[in-house]
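The numbers here are math on the coordinates, done by the rules we state, and not lab data. Given the structure is predicted, the values throughout are model-derived calculations rather than measurements. Cβ placement follows ideal geometry from the backbone for every residue including glycine, while neighbour counts extend to all protein chains displayed.
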Amino acid sequence: MNHETAVSKAKEIADRVLAPAAGPNDKAARFSTEAVDALSKADLLGLLLPAAIGGSALGLRSLAAVISILAEADGSVAMIYLMHSCGTATIAAAPASADVADTLREIAAGRHLSTLAFSEAGSRSHFWAPVSRARANGAGVHISAKKSWVTSAGHAQSYVVSSLAPQGAGATDSTLYLVLAGSRGLSVAGPWDGLGLRSNASAPMSLEDCAVPSAHQLTQDGAGFPAMLNTVLPMFNLGSSAVALGLCRAAVAGTAAHLKTARFDHLNQSLGEGLPTLRALLATMQIETDGLSARIDDLVDHLEHPRETTMLRVLETKAAAGDIAISVTSAAMRACGGAAFSKHMNIERLFRDSHAGAVMAPTGDVLRELIARAMLGMPLF
Ligand SMILES: Cc1cc2nc3c(=O)[nH]c(=O)nc-3n(C[C@H](O)[C@H](O)[C@H](O)COP(=O)(O)OP(=O)(O)OC[C@H]3O[C@@H](n4cnc5c(N)ncnc54)[C@H](O)[C@@H]3O)c2cc1C
């Protein structure tokens, strides 16, 4: 599969599977197993994995393009796919001592969905500082942890779990582990009833004395934090920005269609023909959306050709994307008036979905804090 094929497969799935079901799934807060099946059948679950194990060996450019197309149809599915990709990349980056080849082959074959279980009730959005601590036993570790939000909870075949290393001294001395679904002590700890992204099962999960064999240790002891920063953060920030872009594009398209079709019959004009204020709102939405698209292209270029400014771009892009998605979908709500407010169209779902990006860690506030600290030469953590 090349970049173009991946993009056209994503488009076909978005049109055929995601778009018709996004509204009803959102209403029912129903996880779309059909979407995951379609992504699996299209070989998109192994997009990033090496060809030697059956993957498509594509990179972050393709990942961002696929995610934005999925998000245009259904933000929840795009987020499921992003978290799967972050989990997969972390598993693939495990040291040779980890025995994860079977899992990677299952992912490449489209039979395995993964995700990240980092955030904990005790340290909230500060995912880099888990409060749980793995306890060494003869054959690996036992983990007890309260994971506060896990996308695809109860639906994924594996969870990439963070926990403080058994001997870790500092707050960020964590280790990452692969915990397979069905492991004793692992359970979904509550329902998911979010404001937005309602169809991605981002429920809490608990681990109670969950045994993890040493072969499933994905980083050296205490090296979870660098893996979060080097493997997960760039991909998550890029992907989450791509989700925002898809939501913005859908809001622009939905608003433009509404301004063309909704009419003032007494004036014999469409909304768009009649009201310059609405035309200005639409134009502003388009400017912001194209600006985000350019930012994402720039970030992809920085990730493909790393340089001094790359980490800054990683931080900036997600911070900007979270705000832009809220701004564009808010403008769409205004432009589409009571029709949007009364849920006659998909704009209010996009508006709700767009609010997740800024509060998903690293949150927009934390990103600003990190950017400014870096600019002032202060320690980041
Ligand atoms: C839809 C959804 C899906 C998710 N999926 C996953 C997942 O798959 N895996 C996972 O591990 N987690 C996941 N999360 C959790 C997410 O990444 C965050 O950890 C969570 O949203 C933080 O919420 P909180 O109430 O704990 O925030 P809090 O930490 O309580 O933050 C509250 C406010 O304080 C601000 N704040 C916090 N710290 C600082 C600071 N240092 N400086 C300035 N401002 C600060 C925040 O920006 C926020 O506005 C998901 C969350 C959502 C909403």
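The table for this structure:
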| quantity | calculated |
| --- | --- |
| Average projected area [Cα convex hull, the range 6-132], square nanometres | 8.8 |
| Whole-number Å³ per residue for the convex hull built on Cα positions in the range 277-333 | 56 |
| Whole-Å semi-axes of the range 63-194's equivalent ellipsoid (Cα gyration tensor) | 25, 18, 14 |
| At q = 0.19, 0.20, 0.21 Å⁻¹, base-10 log of I(q)/I(0) for the range 193-294 (Debye sum, equal scatterers on each alpha carbon) | -1.08, -1.11, -1.14 |
| Projected area, mean over directions - the range 337-378, Cα convex hull, nm² | 3.7 |
| All Cα pairs of the chain, percent lying beyond 32 Å | 32 |
| Overall dimensions of the range 252-373 as given by Cα atoms, namely Rg and Dmax in Å | 17.5, 60 |
| Debye intensity ratio in log₁₀ form over the Cα atoms of the range 125-228, taken at each q of 0.17, 0.24 Å⁻¹ | -0.74, -1.31 |
| Cut-off 13 Å between beta-carbons: net charge of the residues surrounding GLU273, Lys and Arg +1, Asp and Glu -1 | +2 |
| More than 19 angstrom apart: percent of Cα pairs within the range 175-243 | 55 |
| Additional length obtainable on full extension of the chain from ALA280 to ASN137, 0.36 nm per residue less Cα span | 45.1 nm |
| Over the chain: helical MRE at 222 nm, DSSP H runs n ≥ 4 each giving -39500 (n - 2.57), nearest 500 | -16000 deg cm²/dmol |
